[in-house]
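This report refers to the structure that appears directly beneath it.
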């Protein structure tokens, strides 16, 4: 039985002198269906060179990872990630999901994560299960308490070695780990306050300030 394709409308803009517009329109295990510069869809196997300086390095039901001029970027289902070199600063563009939320695929301490952009969160917030998966020794952090829907729950303030979103990477980022009441990672202001944030229609553009 063939594995069904998963379809998305994600696009990567390679920030090169001759940029390629690459859209991911289908995903299979170790293969991705891509549209290059508006051409006909074509299936690429992992390891294939897509265009000058662009290579498909992995693909599964969660997204396709492309290596662009030696740097890797993952496009998840329904995400839109872009890179711009016009002002010399790393930039990432996100599209909202069906509920208007901006979900971003990135990395924390080198591990792949999905995060909800939340300007109301002072710090990046992680569920304890995710912190453990990422190798964060959160119980060594400063303990406190947070209010959840089920009451008060313990939380631990920690410092993450690195947080990466597209080409944007920030080191030594403050975060809090919650043992209850948090279903996913919140990308809070301890990361976002290092960004310029602007809306372009439905898109949210993050550009690293420093």
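As a proxy for reagent exposure, ranking 28, 184 by other Cβ atoms within 10 Å from fewest up yields 184, 28. When each of 171, 98 is scored by the number of other beta-carbon atoms lying within 10 Å, the sequence from fewest to most is 98, 171. When 71, 208 are arranged by Cβ crowding within 10 Å, least crowded first, meaning fewest neighbours, the order is 71, 208.
Do you know the relative contact order of the range 107-192, to the nearest whole percent, from alpha carbon pairs under 8 angstrom that are 6+ apart?
Dividing the mean separation by the residue count of the range 107-192 yields 44 percent.
Just so you know, all these numbers are worked out from the coordinates, no wet-lab data involved. Not measured: the values here are computed from a predicted model. Here the Cβ is made from the backbone with ideal geometry for all residues, glycine too, and neighbour counts use every protein chain on show.
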